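Shown next, in structure tokens, is the structure this report addresses.
The values are calculated or read from the model by the stated rules, or taken from the named source; none is laboratory data. This structure is a prediction, so every number in the text was calculated from the model and none was measured. Positions of Cβ are backbone-derived with ideal geometry, glycine not excepted, and every protein chain shown enters the neighbour counts. Heads up: the accessible areas ignore ligands, DNA and RNA and are worked out on the full protein's heavy atoms, side chains in. Shrake-Rupley method; radii C 1.70, N 1.55, O 1.52, S 1.80 Å.
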Amino acid sequence: MTGASCPPLLEPPVELSKHCDAINRRALEEITRVQPDAVVISARWYWYNGHGTDIIPQLRAVIARLREMHQRVVVIGPVPE
């Protein structure tokens, strides 16, 4: 569950895509509905961090939210380019 160029953050930067917020909210809704065994998060972390997004605090917030939802969280990165 993802959108192209949308970082998996609770408050993605609008300048990346005006649709990322809605896409990420929908992903959280699906996680709540499906209750998967684990949620895997991956992104171009260095790219987002280099383009004005303080990625670490936002990533921690996503992980905290998912753990509140009783999800096992796996973070992968950096991705091969």
Residues that are aromatic (Phe, Trp, Tyr): which helices (runs of 4 or more DSSP H) entirely in the range 20-81 hold 1 or more of them? 45-50
So which pairs qualify, if the first residue must be in the range 36-48 and on the phi < 0 side of the Ramachandran plot, the second must be of a type in the set (D, E, K, R) and outside any strand (DSSP E or B), the Cβ gap must be under 8 Å, and the two must be at least 6 apart or on different chains? 37/72; 38/72; 39/72; 44/81
Quick one: is residue 31 on the phi < 0 side of the Ramachandran plot, open to solvent by less than 50 Å² (accessible area, probe 1.4 Å), within 14 Å of the chain's Cα centre (by Cα) and of a type in the set (Val, Ile, Thr)? yes
Is it true that residue 5 is in contact with a Ser or Thr (Cβ under 6 Å, 6 or more places away or on another chain), open to solvent by 70 Å² or more (accessible area, probe 1.4 Å) and part of a loop (DSSP other than H, G, I, E, B)? yes
